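Read through the structure below, which is laid out as structure tokens, and then see the notes.
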Amino acid sequence: MAKINHYMNNCIQIKISLALFAVFILNTDCLAQQSDDRLLWNGNYQLTVSDFGIKTNSLENSSSFAQFSLDYQLNGFDFMARNFNKKVRNYLIRSASWIDTSANIPQSLRYQQTLFNISEIYTRQFRKALRENRKKIIMGTQIAEELNQNIMAEFSKRRMDYIRETDYGKNEIKQKEWEALIQKEIAALNNFAFDR
């Protein structure tokens, strides 16, 4: 009888381990290798005209648009690793981004770089939130999706605040204020940088 109980306990432990491993697996937008179409955010790199897949002339509404994306992948082994930050990425999609080459290009690039930097703040906040909620995520990955939705909603609001206050980066005084604030926020979240 003792052998049967021992065998049953081992089987239950294996089933629980497999179930926990299955719960850890979450794949959103499948983390692929960095492609030529995706430009990963990097604090040492500034956007250039060549980063925009679509070049146009004389658009009436705006002089540029950049498509940013956040993707992530969680699984049991990576989630506990020190390099977990690399499982959450912030990047610009070149083929979905455009710039008007007849407009003020330096101003357009500065504006889009600022938006990319704001996106990085919220990417780091998402990494932080995932770390802080590890125990909840073990019980089910729904929390990760909820955290992502909340972070993206906050990013969208912040993006609109920036656009309104700086008039698409055209108000030089407000632009400088935003740039200084953004750099402080990025630095404050340094532990959640991609390469940490």
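Results, tabulated for the structure shown:
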| item | result |
| --- | --- |
| Computed label-point distance, nm, for sites residue 42 and residue 181 using a 7 Å Cα→Cβ extension | 2.9 nm |
| Accessible area, probe 1.4 Å, largest first, for residues 37, 195, 71 | 195, 37, 71 |
| Extension gain (nm, one decimal) between residue 174 and residue 157, 0.36 nm per residue minus Cα-Cα | 4.4 nm |
| Karplus-derived HN-Hα couplings along the stretch 97-104 (A = 6.51, B = -1.76, C = 1.60, θ = phi - 60°), whole Hz, x at Gly and Pro | 10, 9, 9, 8, 7, 9, 8, 6 |
| Net +/- balance of residues flanking residue 94 in space, Cβ distance below 14 Å, scoring K and R +1, D and E -1 | -1 |
| Projected label distance in nm at residue 58 and residue 150, using a 7 Å step from Cα toward the beta-carbon | 4.9 nm |
| Rounded if a/c under 1.5, otherwise prolate or oblate - the stretch 82-124, Cα gyration tensor axes | prolate |
| Segments 89-99, 46-56 sorted - mean Cβ within 10 Å per residue, highest first | 89-99, 46-56 |
| In sequence order, calculated HN-Hα J values of the stretch 166-181 (Karplus, 6.51, -1.76, 1.60; Hz; x Gly/Pro) | 9, 6, 6, x, 7, 7, 4, 5, 5, 4, 5, 4, 5, 4, 5, 5 |
| Overall form of the stretch 148-189 per C-alpha gyration tensor (a/c, 1.5; a/b vs b/c) | oblate |
| Percent accessible area from carbon and sulfur atoms, the stretch 97-178, protein chains only, probe 1.4 Å | 51 percent |
| Gyration tensor (Cα) of the stretch 91-196, equivalent ellipsoid semi-axes in angstrom | 30, 15, 12 |
| Long-range HN-HN contacts of residue 64 with modeled amide H, under 5 Å | 100 |
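The values are calculated or read from the model by the stated rules, or taken from the named source; none is laboratory data. All of these numbers come straight from a predicted model, not from anything done at the bench. Positions of Cβ are backbone-derived with ideal geometry, glycine not excepted, and every protein chain shown enters the neighbour counts. Surface areas here come from the heavy atoms of the whole protein model, side chains and all, with no ligands, DNA or RNA. Shrake-Rupley method; radii C 1.70, N 1.55, O 1.52, S 1.80 Å.
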